[in-house]
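Working notes, structure below.
The values are calculated or read from the model by the stated rules, or taken from the named source; none is laboratory data. None of these values were measured; they are calculated from a predicted model. Because the Cβ atoms are built from the backbone with ideal geometry, glycine has one as well, and the counts that use them run over all protein chains shown.
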Amino acid sequence: MARLLEQRRSLIELRQVLHSLLMKNPTFLPGQIEYSKALLMARDWERCMEQVQRTLLLQHDCLPVRLLDLFHELAVKGSLQATENSLREVAEIIQNNEARNHKLHYEIAQILFRTAPADHPAVKFARFFPFIFLSHTHF
C-alpha cells in the first residue's frame, strides 16, 4: 500500500498510512524509515529530522536514516563540522555492516558528488569513498 501511494505521490495519504502503522507497531524499523522518507518527500525537514532521531533511538547504526541525517547536514544546515561528523558515522556503519557492498559505495559517492559543492569535504570523501573499504575487505 505504501509503495503504491509513494508511486502516485499521494504524500498526505502515505503519511497517514505510515503514521497509523507506527501507532500500532512503534518499533517496526522499516515503517520508521519509510515514514522518514515520506516526510522528506513532503519537504517537511523539521518533522523528518525528529523522526530520524526517533528511529536512531531504535537502531543507532541504521544506514538509510544516517544518510537522511547526512543529506540534511549537506542540504539544509550547511554546517561543515556536523557534515564531517555525519560522514564519519556513515563510513563507520558501512565499514561495519556493508564493507563488501560496492554498488552501495558507488551510489552513495554519486549522491554526494551531486549534492555538495566541488570543494566541500563531502566531495573529497566521495572521491575516496569506494577505496576506503578495500583494505578492510577479505576475499
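Restricted to segment 76-103, and to residues that are among the hydrophobic types (A, V, I, L, M, F, W, C) and over 20 Å from K124 (Cβ atoms), which residue is surrounded by the fewest Cβ atoms within 10 Å (Cβ to Cβ)?
So in segment 76-103, the residues among the hydrophobic types (A, V, I, L, M, F, W, C) come out as 76, 80, 82, 87, 90-91, 93-94, 99.
Imposing the further condition that a residue be over 20 Å from K124 (Cβ atoms) reduces the set to 76, 99.
On the way: V76: 12, A99: 16.
So, considering only residues that are among the hydrophobic types (A, V, I, L, M, F, W, C) and over 20 Å from K124 (Cβ atoms), the one surrounded by the fewest Cβ atoms within 10 Å (Cβ to Cβ) is V76.
Determine, yes or no, whether R54 is outside the structural domain of A126 (by the TED database) and not in a helix (DSSP H, G or I). Considered against the rule, which asks whether it is outside the structural domain of A126 (by the TED database) and not in a helix (DSSP H, G or I), R54 comes out as no.
Within segment 61-90, track down each residue that is assigned to a helix (DSSP H, G or I) and among the charged types (D, E, K, R). Before the answer, list the steps.
Taking segment 61-90 first, the residues assigned to a helix (DSSP H, G or I) are 63-77, 80-90.
Scanning segment 61-90 gives R66, D69, E73, K77, E84, R88, E89.
Report yes if A109 is over 27 Å from R15 (Cβ atoms), of a type in the set (G, A, S), at pLDDT 80 or above and surrounded by 14 or more Cβ atoms within 10 Å (Cβ to Cβ), otherwise no. Judged against the criteria, A109 is a match. For segment 11-44, what are the residues that are assigned to a loop (DSSP other than H, G, I, E, B) and either modelled with pLDDT of 90 or more or farther than 19 Å from V76 by Cα (or both)? Answer for segment 11-44, where residues must be assigned to a loop (DSSP other than H, G, I, E, B) and either modelled with pLDDT of 90 or more or farther than 19 Å from V76 by Cα (or both): N25, P26, T27, F28.
Has segment 19-42 got any residue that is of a type in the set (A, V, I, L, M, F, W, C) and under 17 Å from E89 (Cα atoms)? No, segment 19-42 has no match at all.
Please work out if S20 is free of Cβ contacts under 8 Å to residues at least 40 places away in the same chain, farther than 22 Å from I108 by Cα and hydroxyl-bearing (S, T, Y). Give the steps one after another, and end with the answer.
Numbers: free of Cβ contacts under 8 Å to residues at least 40 places away in the same chain: yes; farther than 22 Å from I108 by Cα: yes; hydroxyl-bearing (S, T, Y): yes.
Here the answer is yes, as S20 does meet what is asked.
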